[in-house]
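The structure appears right after this line, and notes come after that.
The values are calculated or read from the model by the stated rules, or taken from the named source; none is laboratory data. Since this is a predicted model, take the numbers as computed values, not measurements. Reconstructed Cβ throughout: ideal geometry from the backbone, glycine too, with neighbour counts over all protein chains shown.
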Ligand SMILES: [Zn+2]
């Protein structure tokens, strides 16, 4: 193997390359004593496989910023223990019923909806129900739970919610309950309980 030619700069040569004084003045000595080393502050990734290529598991989490927009009064109502509904103010509209989930605009005539509050207690009747054993991702209720479709007088819709306790049957009377003490600030803040009366 041929010896590599190493050029050793003469003093004169290196002096030539010295940068102008102005730039030299900005150069500071790097402090190494007493400084902390850069640390890895993440979590070690798990290696899932190495063949034919390395694959790691890299968990990510994000905060999804979501606006309730024109439906905000509905969620404000839940926090106050009220079930708020929308109705179409257009007198010529064929749909006179109230809407839950609320709508910003009438699905029939596209007029901007008006808000109403159902008087408490809100009593409904179970139209149908199903037992949820395996909830989908994002369902923040313990399983199993009873998902119930409840008929509420005056409504154009039969909204879905859940039965807080008890066993449902078709035609069962239920009363709306609100999670005002520990609100989740989601639609889960209202549910139904069996109603005797
Ligand atoms: Zn309408």
Among the residues of the range 133-158, which ones are without any contact (Cβ under 8 Å) to a residue 24 or more places away in the chain and not in a loop (DSSP other than H, G, I, E, B)?
145, 146, 147, 149
Which one is surrounded by the fewest Cβ atoms within 10 Å (Cβ to Cβ) among residues in the range 160-186 that are more than 18 Å from residue 120 (Cα to Cα) and within 19 Å of the chain's Cα centre (by Cα)?
182
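Inside the range 107-132, can you point out the residues that are within 12 Å of the ligand (Cβ to nearest atom), crowded, with 16+ Cβ neighbours inside 10 Å and over 26 Å from the mean Cα position of the chain (by Cα)? It would help to see each step written out before you state the result.
So in the range 107-132, the residues within 12 Å of the ligand (Cβ to nearest atom) come out as 107-114.
Restricting the remaining residues to those that are crowded, with 16+ Cβ neighbours inside 10 Å gives 113.
If the condition is that a residue be within 12 Å of the ligand (Cβ to nearest atom), crowded, with 16+ Cβ neighbours inside 10 Å and over 26 Å from the mean Cα position of the chain (by Cα), then no residue fits.
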Condition check: within 26 Å of the chain's Cα centre (by Cα) and surrounded by 15 or more Cβ atoms within 10 Å (Cβ to Cβ). Does residue 102 satisfy that?
yes
If we scan the range 57-71, do we find a residue that is touching a residue at least 60 places away in the same chain (Cβ under 8 Å), assigned to a loop (DSSP other than H, G, I, E, B) and under 30 Å from residue 157 (Cα atoms)?
no
Determine whether residue 137 is modelled with pLDDT under 95 and either within 16 Å of the ligand (Cβ to nearest atom) or under 24 Å from residue 73 (Cβ atoms) (or both).
no
Residue tally, condition within 9 Å of the ligand (Cβ to nearest atom) and assigned to a loop (DSSP other than H, G, I, E, B), over the range 97-106:
1
Considering the range 86-96, residues that are under 26 Å from residue 67 (Cα atoms) and part of a loop (DSSP other than H, G, I, E, B), and then whichever is nearest to the ligand (Cβ to nearest atom), we arrive at 88
